[in-house]
Amino acid sequence: MSTTRPYSPGDRGPEPSGASGASEGGMPVTGASEGGGGAPTAAATGRQSRRLSFDGASGVVPLARDFTRQALYAWNWLPAASADRRAAAEDVLLVVSELVTNACLHAEGPDELWISCDRKVIRLEVSDRGTGQPAPRTPHRAGRPGGHGMFIVQRLCLDWGVVRSPGVAGKTVWAELAAPA
């Protein structure tokens, strides 16, 4: 687990470009295409992505979960054919909930949710304007209410971290989970 490395080994590189569209809820979404400029397409790389803007939205945690669930259906994670696949999808939904909730509680709310997936890893990114540094509480006290979000993220994810851009307010908290086998 890393909270200092902006991207994990084998990272996706620069942000992919894609055509903007709209989700069923009317929220802006970046489609699955990564084409343009000679870059490999989503079909060639196996990478798919979606983006949800929270601009002016209310009920952002259920909105983020519904958006993520729709992506999991589109990417054939759901409906799950086995208990392991169902558990993997539920883990993704839980991590999205935790990251968006943390942005609500400890920042000024989330700005954007970015989800990308290839054959091995799903990457979740939540950007916000907050200055704080997320970290699991230590020591973790399971019997106490609250303070479990980043501990859950740490336990469920392959890796997670925080990206800050110089001269730009806020941060992006990212997490990666293994795709179901």
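Here, each number is a calculation from the coordinates, and none is a lab measurement. Here the structure is a predicted model, which means the values were calculated and not measured. We place every Cβ from the backbone using ideal geometry, glycine too, and count neighbours over all the protein chains shown.
A compact table of results
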{"quantity": "Pairwise label distance in nanometres, Ala87 with Arg65, each label 7 Å out on the Cα-Cβ vector", "calculated": "2.1"}
{"quantity": "Cleavage-rule hits (GluC sites (Glu not before Pro)) in the stretch 100-140: DSSP loop, at most 13 neighbouring Cβ within 10 angstrom", "calculated": "Glu108"}
{"quantity": "Per DSSP, loop trypsin sites (Lys or Arg not before Pro) in the stretch 52-140 with at most 11 further Cβ within 10 Å", "calculated": "Arg119"}
